[in-house]
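Okay, structure first, notes after.
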Amino acid sequence: MLLGITPATAEIELSGYYKNLLINSKTLSVFGTSESYLLDLNRLRLQLAGDLNDRVSFDVQYDNEVLLGDYLDTTEFSALLKNREPDIHFDLDSNYMDSSNLYGSHRLYRVYADFTLPEVGLRLGRQRIAWGTALLWNPMDILNPFNPIQLERQERQGIDAALIDWDYNALSRVSLVYAKQQSGASTAARWRSHKKGFDLSWMAGRFRGDTVAGVDFAGQVANIGVRGELTQTDSANEGAFTRAVVGADYTFANSLSLNIEMYYNGQGASDPAAYTFNRLLSGEIQSLARRYQGGYLGYDITPLLRWNNYLIVNLDDDSVFFAPSLLYSLTDNMETSLGVQAFNGDSGTEYGMLQDLFFVQLQWFF
């Protein structure tokens, strides 16, 4: 039988979530006159995953998303969401409804298969390849870069790739990846191991025409978690530059957790006059300046209520991003949250150009 699959060995599970996210903010002045808006996001994610046999498994995640509100009638929505082409190879997105106050779309968020042999695994398809150890900035995470001020922090765009992992001993792994995007192909290798209480890794490759090499580490010093990443990039368009982040975290006995990071972004500019806002808005880059300090503070007010705070300071232009929120567990599989993304800075600064945002969210898992 194909792949040796029989009803006795196949184990398949259906799960997912429904999310309602209500956002109130203003459009950016770069798209014309700034105007207040409401956006109501409704997303149903269905995940079908399982093991077909001892050596083959799969994961398919399908999103159906409906957007409501007057934000759909703005130039900003058309530029940043509706007409934006994601940097992925296969087009797995489609919209089925488009009006001034209702927009419907669906996509395959993840779709990949795992083939496992002793010590070696192969994953093919739309997947998330997460390299790096830091919280807010990840110089090592070049295939799926993450914006540190992203509202839906758990959502990470996947990439169409083939990934081989070789676990040559219990603590060490060699990974090889080939990925294809609209902006070009990437080929890279990564070695990861554990030495004297620290996770260590080394990476090198060609990412969409740029040559990149990097290292990262994560471990404990006394009761403090420490981590860091460093990459050196040789780009035909931007020359050579270095990116590096170091961080530390500590969790107190009363559940208060504190995380601090320092980030140097050699790709950025120390003078706001040299900022390229269009690259930031398009998602091509995630940070404009060179020097940043950031942190996270979280506290369980009760077993069901958690207070989360993210803070980022641009040390080059003195602009600030602050995002406090409350998360409450209504039931074992339902939670609600509300919060603010506040931006402060002079005109022309990175966070000074952005508008404050207020949100309320309800999410039901099944």
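The values are calculated or read from the model by the stated rules, or taken from the named source; none is laboratory data. Since the model is a prediction, treat every value here as computed from it, not as a measurement. Please note: Cβ atoms are built from the backbone with ideal geometry, for glycine as well, and neighbour counts cover all protein chains shown. Accessible surface areas use protein heavy atoms only, side chains included; no ligands, DNA or RNA. Shrake-Rupley method; radii C 1.70, N 1.55, O 1.52, S 1.80 Å.
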Some residue of the stretch 145-168 being within 30 Å of Leu258 (Cα to Cα), out of contact with any Ser or Thr (no Cβ under 7 Å at 6 or more places or on another chain) and among the small types (Gly, Ala, Ser): yes
Matching entry among Asp141, Asp98, Asp114, Asp93 (being among the acidic types (Asp, Glu) and within 30 Å of Gly295 (Cα to Cα)): Asp141
Long-range neighbours under 9 Å by Cβ, at least six apart or interchain, first residue within 24 Å of Ala188 (Cα to Cα) and open to solvent by 50 Å² or more (accessible area, probe 1.4 Å) within the stretch 144-158, second modelled with pLDDT under 95 and among the acidic types (Asp, Glu): Gln157/Asp87
Number of positions in the stretch 126-184 that are assigned to a loop (DSSP other than H, G, I, E, B) and among the polar types (S, T, N, Q): 9
Long-range neighbours under 9 Å by Cβ, at least six apart or interchain, first residue over 18 Å from Trp131 (Cβ atoms) within the stretch 224-243, second assigned to a loop (DSSP other than H, G, I, E, B) and open to solvent by 40 Å² or more (accessible area, probe 1.4 Å): Ser235/Gln267; Glu238/Gln267; Phe241/Gln267
In the stretch 261-276, the residues that are open to solvent by 50 Å² or more (accessible area, probe 1.4 Å) and touching a residue at least 24 places away in the same chain (Cβ under 8 Å): Met262, Tyr264, Gln267, Ser270, Asp271, Ala273
Tabulated pairs, the stretch 287-304, first open to solvent by less than 80 Å² (accessible area, probe 1.4 Å), second of a type in the set (Asp, Glu), C-beta under 7 angstrom, 6+ apart or interchain: Leu288/Glu350; Ala289/Asp316; Ala289/Asp317; Ala289/Glu350; Gly294/Glu261; Gly295/Glu261
Output for the stretch 109-163, where each listed residue is under 20 Å from Val313 (Cα atoms) and of a type in the set (S, T, N, Q): Asn138, Asn147, Gln150
Given (1) assigned to a loop (DSSP other than H, G, I, E, B); (2) closer than 30 Å to Thr75 by Cβ; (3) in contact (Cβ under 8 Å) with a residue 12 or more places away in the chain, number of the condition Leu108 does not satisfy: (1)
Filtered residue count, the stretch 100-142, keeping only those that are among the hydroxyl-bearing types (Ser, Thr, Tyr) and either touching a Gly at 6+ places or on another chain (Cβ under 9 Å) or at pLDDT below 95 (or both): 4
The stretch 305-334, residues that are open to solvent by 50 Å² or more (accessible area, probe 1.4 Å) and acidic (Asp, Glu): Asp318, Asp332
Matching entry among Tyr109, Tyr71 (being among the hydroxyl-bearing types (Ser, Thr, Tyr), touching a Phe, Trp or Tyr at 6+ places or on another chain (Cβ under 8 Å) and over 27 Å from Thr349 (Cα atoms)): Tyr109
All positions within the stretch 111-120 that are in a strand (DSSP E or B) and closer than 16 Å to Trp191 by Cβ: Val120
Where a residue in the stretch 165-179 is over 11 Å from Arg192 (Cα atoms) and its partner, wherever it lies, is at pLDDT 95 or above and not β-branched (Val, Ile, Thr), with Cβ under 6 Å and at least six apart: Leu176/Ala189; Val177/Ala161; Val177/Leu163; Val177/Ala188; Tyr178/Ala162; Ala179/Ala161; Ala179/Ser186
Per-region count, the stretch 95-125, residues touching a strand residue (DSSP E or B) at 6+ places or on another chain (Cβ under 6 Å) and polar (S, T, N, Q): 2
Near pairs, Cβ below 6 angstrom, 6+ apart or cross-chain, from the stretch 72-100 (under 26 Å from Ser186 (Cβ atoms)) to any residue that is open to solvent by 70 Å² or more (accessible area, probe 1.4 Å): Asp87/Gln182; His89/Lys180
